[in-house]
Amino acid sequence: MIPSLPGLRRALGLSLGLLVAACTHQPSPEPLPRPSQPEAASGWQAKPGWQLQRQAVAAANPLAAEAGRQILAAGGSALDAAIAVQMVLGLVEPQSSGLGGGAFLLHWDGQRLDAWDGRETAPQAADEALFLTAEGRPMAFMEAVVGGRAVGVPGVLKMLEAAHRAHGRLPWATLFAPAIELAEQGFAVSPRLHQLLAADAHLRRDPAAAAFYYRADGSPLPVGHVLRNPALAAVLRDIARDGSAAFYRGAVARDIVRRVRQHPGNPGRLQLADLQGYRPLRREALCQLWLAQYRVCGFPPPSSGLITQMQILGLLEQLPKPVPPLEDGRPSAEFLHRYSEAAKLAFADRAQYLADPDFVAPPAGDWRSLLAPAYLKQRASLIGERSMANASHGVPGGAPLAWAPQADQEEYGTSHISIVDARGNALAMTSSIEQAFGARLLSDGGSGLPGGFLLNNQLTDFALAPRDDQGRPVANRVEPGKRPRSSMSPTLVFDAKGGRLLASLGAPGGAGIIHFNAKTLLGLYQWQLDAQRAIDLPNFTNFNGPTVLEAGRFPPATLDALRARGHQVSEGELPSGLQAIQRNARGWFGGADPRREGVVLGE
Ligand code: GLU
């Protein structure tokens, strides 16, 4: 299953050998029909789970995980490895993340927990009408996505650079060697990349992307095709040498701006000054006590991830009866009923309150009001024996109702990385260009060479409709310089008493991330499964509307039992892409999602 990587190993050996030496240092709106998957499914490949002793890298592609493993083996820190992994992911899994996107990184150095925010920002020239048509109606989702309009200022690179200053051990340039070598020598197109290229109707409309990812007859590059990316190699070389300035200024920045502003059908408003002015932020992580024993930590707003996933788990904990055990290895109808009801309540609050904290005040002055036990208890009392259909938001801490709730909206291309190193550092990082293939704009960095990196469409994570019928603003509407609300939820779990790190996990999947993470946490700590078995559990989602179950994974009796309680139930593919590393008696045990191409490597 793991391809042999002699070329990469040779390349890394060489590059690292040369470079390592220098190292020192109200009612909710009607939910829209929701497509079942953020990125299309590409099949199921059983994964064994990986037992490691000292250090581990979990990533969505074997070449990326291998780059991280080698950086760790060369004495790099978890953060060093994450940079190498991210740079390779941008090459081999271009549909999901890369230089043109943003990321949230949760980092633990053994003592201190940091939430590094590399989320995209809205350009200064953007305003709340960005996604409104001339008639004042919100654009159709894909109309908004494809082109320059939804491109936010990319944040991942500058965030990683800032985090490297704080947590890196190897020199910056070293960390780019694996991706540069692979970009120059070529990598084999994976089955998943091939399938997503085949399925995508929009990428081929970008001339640069069409020439690079498709053949002259319009067919996608076949599985195993050795793809070189000289344009990306050139950009990475410049960044390795000159730092993030090589991306945020000069020819690369000019090329990004030109492609965004000159898109023929759907131009955007990005300017050079937006790129030059991008600032990553170091935020305080949010942590929540769960099941009395665990401190579950994650990203504060602008992500809704931790708050919503812990609201769901906290609501379940407040219910009088304990969470039912698995039945035949699957969550029971009784559990799914309660879970769906809790999810509806949590997603109603998410739609009402969650947005960039630099623009929007938290309810009752503190985001933790949404997780306060008394509030959760009161909300949990709304869960009965029958389905409530749709939930309305609550009023935590008596917060006044300033906002209109955001209508349900699609959220989609993302990748998760979990790493632990032998020195006690650990991280969870979720990285995204939003949709699969983002805005469908490929930048060659101005080099004129084939290939490059894709630009994000992260601004469609803002509400497309900024106000409700009464003119009340939605908290998560577009404003200049604002970060769109996210669902990305890199998560670290600690022992509440001793403070030891127990697990690192996360997933792609748009708003589904919240459910995929919640499922994995329940699997690990409520049902006592190992990380692989927890990830393997069938997926289930509810976004304050229908309950969606992973197709073919639940018996008809489960669907019938839910319908009998009043649930609208459907089946969908729900291809999650989870990655998790958990501490066990022998060291670290890693799991990767059988629904995608991830592996866990280490020693
Ligand atoms: N854009 C989404 C977010 O930030 C992630 C999309 C995905 O996971 O596919 O929440």
Of all residues being assigned to a loop (DSSP other than H, G, I, E, B) and within 16 Å of the ligand (Cβ to nearest atom) in the stretch 286-323, which is nearest to Asn542 (Cα to Cα)? Just the residue, please. Ser304
Of the residues Gly148, Gly118, only one is in contact with a Leu (Cβ under 9 Å, 6 or more places away or on another chain) and either surrounded by fewer than 16 Cβ atoms within 10 Å (Cβ to Cβ) or under 17 Å from Lys482 (Cβ atoms) (or both); which? Gly118
Evaluate the following for Gly397: is it modelled with pLDDT under 95 and either under 20 Å from Leu182 (Cβ atoms) or within 13 Å of the ligand (Cβ to nearest atom) (or both)? no
Filtering the stretch 412-433 down to residues that are β-branched (Val, Ile, Thr) and either in contact with a Pro (Cβ under 8 Å, 6 or more places away or on another chain) or within 16 Å of the ligand (Cβ to nearest atom) (or both) yields Thr414, Ile417, Thr430, Ile433
Take the residues in the stretch 479-512 that are in a loop (DSSP other than H, G, I, E, B), among the hydrophobic types (A, V, I, L, M, F, W, C) and over 29 Å from Ala129 (Cβ atoms); name whichever of them is nearest to the ligand (Cβ to nearest atom). Ala507
Any idea which of Ser340, Ser369 is over 23 Å from the mean Cα position of the chain (by Cα) and outside any loop (DSSP other than H, G, I, E, B)? Ser369
For the stretch 128-202, list the helices (runs of 4 or more DSSP H) that sit wholly inside it and hold at least 1 residues that are closer than 30 Å to Ile419 by Cβ; which are they? 156-167, 177-185, 191-199
Of the listed residues (Arg54, Arg10), the one being surrounded by fewer than 24 Cβ atoms within 10 Å (Cβ to Cβ) and either modelled with pLDDT of 95 or more or under 20 Å from the mean Cα position of the chain (by Cα) (or both) is Arg54
Considering the stretch 523-548 alone, what residues qualify as being outside any loop (DSSP other than H, G, I, E, B), over 22 Å from Pro301 (Cβ atoms) and in contact with a helix residue (DSSP H, G or I) (Cβ under 7 Å, 6 or more places away or on another chain)? Gly523, Leu524, Ala531, Arg533, Ala534, Ile535, Phe540, Thr547
Here are Gly268, Gly250: which of them is at pLDDT 95 or above, small (Gly, Ala, Ser), out of contact with any helix residue (DSSP H, G or I) (no Cβ under 7 Å at 6 or more places or on another chain) and farther than 29 Å from Leu113 by Cβ? Gly250
Considering the stretch 442-476 alone, what residues qualify as being surrounded by 24 or more Cβ atoms within 10 Å (Cβ to Cβ) and either in a strand (DSSP E or B) or more than 16 Å from the ligand (Cβ to nearest atom) (or both)? Leu442, Ser443, Gly445, Gly451, Gly452, Phe453, Leu454, Val474
Residues of the stretch 86-126 being under 16 Å from Met488 (Cβ atoms) and hydrophobic (A, V, I, L, M, F, W, C), in sequence order, are Leu89, Ala103, Phe104, Leu105, Leu106, Ala115, Trp116
Within 16 Å of the ligand (Cβ to nearest atom) and surrounded by 19 or more Cβ atoms within 10 Å (Cβ to Cβ): is that true of Ala436 in this structure? yes
Can you name the condition, by its number, that Glu317 falls short on among (1) surrounded by 20 or more Cβ atoms within 10 Å (Cβ to Cβ); (2) closer than 13 Å to Trp367 by Cβ? (2)
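The values are calculated or read from the model by the stated rules, or taken from the named source; none is laboratory data. The model shown is predicted, which means the values in this text are computed figures rather than measured ones. Backbone-built Cβ (ideal geometry, glycine too); neighbour counts: all protein chains shown.
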